[in-house]
Amino acid sequence: MDNELIRKIDKLIEEDRAELAKDVIKLINIKSVRSEPLPGAPFGEGPRKVLDTVLEMGKERGFETADYGVGVISLAFKKGQPDLGMWAHGDVVPEGDGWIYEPYNAVEYKGCIIGRGATDNKGQLVSLLHLMTIFKKLGIELRYNAALYVGSNEETGMEDLIGNDHPDARGFLNVCTPPRFSLVPDGSFPVAYAGKGKMVVELKAVKPLCGIAIEAGHEDAPGRATAVLDKTGIDSVENCTVEGTEGKTVVSTETPPCHAAHPDPNGNMITVLTKALLDAGLVAEENKTEVDFIRRVSCDTKGILFGVHRVSEDTGETVVASTELRTENGRPVLTISVRYPDAITFEELYDSVRRIALENGFETQNLYHGVDPYVLDKNRDVIQKLTEIANEIRGMNAAPFSMGGGTYAHRLPNALVYGMSGCLKPEGFPAGHGGAHGRDEVVSLDRLQAAMRIYARALLQLNEMDW
């Protein structure tokens, strides 16, 4: 690798910091939560606006741009089919409440950018665009054609890749040729060579609750749980706030929102609320079994209760997150998200969850089979070389690992998750704030610039080897 060229690249990366921050803020300030489909915008106006903005940025910088008409665009160095794809996404999860900063009026604070989508995935998107610009400025000619791909539905089903019933969402993989090798910066360094499968299912109580309605985990309040009781005269409930209103009592509690791939092993807001209601004797005798089952599920993050806990050498262990609780016609409906290793099949997983749910008075509905587990050969030369590069820049000795969250790498052929691990909270940042999918989401400019240095070396290394 040309050390003088590396020195020039690193210098331009350092000088790019202010422009990098400006463009990250520009994209964050576009609210790109999935919304009603429109012509040419199958995932809503916000995600489409991000794609249009990135296309404009790419054209201004002289890249070969393409809009595939399915909610996916690309910016390539050369004309023709890209060989290497670097896949980012412009859509975000809903912001929820409880923010200190404004989610769509991003600010720079202590070397970080704060706003929804900062680290998942707009910081990474902009970093790759800026790195490609630096390569172009230096006149670096790669023997392969590399492109930045940007999707607009990664967070809610990856229908930009696989399609749905909307005429403008036929799915990239159904109508286009993917690059022969892809890197996905929606994770951590050094390299994720494997990933868990994903199943989401709702557990609905067979009978209604008497005199109580419970809700938790809604998009506008992902860390809050609330119970409305048909009674008054309740002064206090442990670990909860209590308010009286129009002949009813509202009991609520709150815990920091967590990504479903990394739930708190002690449980969440559903755990706290259901336990408090049971301990305070506020649940009717005939409903204690159902409410206690909800409590037990919400704090069992390994799937032991359902008999689905498995451990795999490549894809780790089962992870279960209780993400939402609502009431339908008096019946509680609990949504669980299961990330499962390759040591269990989807059919085994669902059958076991369904059986245990039925034994406890719940039926299953709205089953969603997200993705299957995948495992690539971690001893491949390209994986080992990418790992060495990331470790050298980061000053670590980490090994290739398995990913818990769902990314484009689950869907794309021959794809690796490669960085960028941009979430690093500023010193003194409040507990429960700063994480991906959380309140006051942050991305560290230092980490983004380190990731740019890693990707620069990776692109040059790929120029010297077969992959």
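The values are calculated or read from the model by the stated rules, or taken from the named source; none is laboratory data. Since the structure is predicted, the reported quantities are computational estimates derived from the model, not experimental observations. Cβ coordinates were reconstructed from backbone atoms using ideal geometry, including for glycine residues, and neighbour counts include every protein chain displayed.
Things to note:
- Within the stretch 139-255, strands (runs of 3 or more DSSP E) holding 2 or more residues that are over 30 Å from G404 (Cβ atoms): 212-218, 221-229, 241-245, 248-254
- Cross-chain or 6+ apart pairs with Cβ under 7 Å, the stretch 362-376 first and in the same structural domain as F293 (by TED's automatic domain parsing), then exposed (fewer than 15 other Cβ atoms within 10 Å of the Cβ): F362/V206; E363/V206
- Residue in the stretch 24-61 that is surrounded by the fewest Cβ atoms within 10 Å (Cβ to Cβ), counting only those that are of a type in the set (G, A, S) and within 20 Å of M158 (Cα to Cα): G40
- Qualifying residue in the stretch 38-46 (condition: over 23 Å from the mean Cα position of the chain (by Cα) and part of a helix (DSSP H, G or I)): no
- Annotation note: Cβ proximity below 8 Å between a residue of the stretch 330-345 that is within 15 Å of N287 (Cα to Cα) and a residue that is at pLDDT 95 or above and part of a loop (DSSP other than H, G, I, E, B) (sequence gap 6+ or interchain) occurs for G330/P208; G330/L209; R331/V206; R331/K207; R331/P208; R331/L209; P332/L209.
- Selected residue (criterion: modelled with the lowest pLDDT) from residues of the stretch 160-195 that are closer than 18 Å to P413 by Cβ and of a type in the set (D, E): D186
- Checked against the criterion of being more than 30 Å from M465 (Cβ to Cβ), surrounded by fewer than 16 Cβ atoms within 10 Å (Cβ to Cβ), under 28 Å from the mean Cα position of the chain (by Cα) and of a type in the set (A, V, I, L, M), the stretch 367-381 has at least one qualifying residue.
- When A436, A456 are checked against the criterion of being closer than 20 Å to L128 by Cβ, at pLDDT 95 or above, among the small types (G, A, S) and in contact with a helix residue (DSSP H, G or I) (Cβ under 6 Å, 6 or more places away or on another chain), a single residue qualifies: A456.
- Looking at Y408, Y455, just one residue is within 15 Å of the chain's Cα centre (by Cα) and aromatic (F, W, Y), and that residue is Y408.
- Residues that are farther than 24 Å from G419 by Cβ, touching a residue at least 40 places away in the same chain (Cβ under 8 Å), crowded, with 19+ Cβ neighbours inside 10 Å and not hydroxyl-bearing (S, T, Y) are absent from the stretch 5-23.
- Once the stretch 271-295 is narrowed to residues that are within 20 Å of K204 (Cβ to Cβ) and of a type in the set (D, E), the residue that is surrounded by the fewest Cβ atoms within 10 Å (Cβ to Cβ) is E286.
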